[in-house]
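Asker: A single structure is presented below for examination.
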Amino acid sequence: MSDQIHLFDVATQAGIDLGLVMDNLRLSYEERALQHQDALNLALAIEQAGHRLRERSATTAAATE
């Protein structure tokens, strides 16, 4: 038991949010998969927005030259 407590302390000191880990483990596989898909969709939307912003900036820079 003391080894387990020690490992929790080490994980916490490393910045791992064990509460978040435990909350996620309470979810079903399907719920975790849906959360993952939502996060992936958000990351892809942010990436696409970045591409559009860079394209717009490049177009604006080219027009002012």
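The values are calculated or read from the model by the stated rules, or taken from the named source; none is laboratory data. Because the structure is a prediction, the values reported are computed rather than measured. Cβ atoms come from the backbone with ideal geometry, glycine included; neighbour counts cover every protein chain shown. Just so you know, the surface numbers come from the protein's heavy atoms only, side chains and all, with ligands and any DNA or RNA stripped out. Shrake-Rupley method; radii C 1.70, N 1.55, O 1.52, S 1.80 Å.
Asker: Condition first: under 16 Å from the mean Cα position of the chain (by Cα), surrounded by 10 or more Cβ atoms within 10 Å (Cβ to Cβ) and hydrophobic (A, V, I, L, M, F, W, C). Now tell me which residues in region 19-42 satisfy that.
Answerer: 21, 33, 34, 39, 40, 42
Asker: Among the residues of region 55-64, is there at least one that is in contact with a helix residue (DSSP H, G or I) (Cβ under 9 Å, 6 or more places away or on another chain), open to solvent by less than 80 Å² (accessible area, probe 1.4 Å) and free of Cβ contacts under 8 Å to residues at least 24 places away in the same chain? Please lay out each step first, then the result.
Answerer: Taking region 55-64 and keeping what is in contact with a helix residue (DSSP H, G or I) (Cβ under 9 Å, 6 or more places away or on another chain), we get none.
Scanning region 55-64, I find no residue that is in contact with a helix residue (DSSP H, G or I) (Cβ under 9 Å, 6 or more places away or on another chain), open to solvent by less than 80 Å² (accessible area, probe 1.4 Å) and free of Cβ contacts under 8 Å to residues at least 24 places away in the same chain, so the answer is no.
Asker: Select from region 35-65 the residues that are within 28 Å of residue 8 (Cβ to Cβ) and hydrophobic (A, V, I, L, M, F, W, C) and list them in ascending order.
Answerer: Just the residues of region 35-65 that are within 28 Å of residue 8 (Cβ to Cβ), to begin with: 35-36, 39.
The one that is within 28 Å of residue 8 (Cβ to Cβ) and hydrophobic (A, V, I, L, M, F, W, C): 39.
Asker: While we're on this one: Given the criteria of a type in the set (A, V, I, L, M), modelled with pLDDT of 95 or more and on the phi < 0 side of the Ramachandran plot, does residue 34 qualify? Before the answer, list the steps.
Answerer: On the way: of a type in the set (A, V, I, L, M): yes; modelled with pLDDT of 95 or more: yes; on the phi < 0 side of the Ramachandran plot: yes.
Taking the combined requirement at face value, the residue satisfies it.
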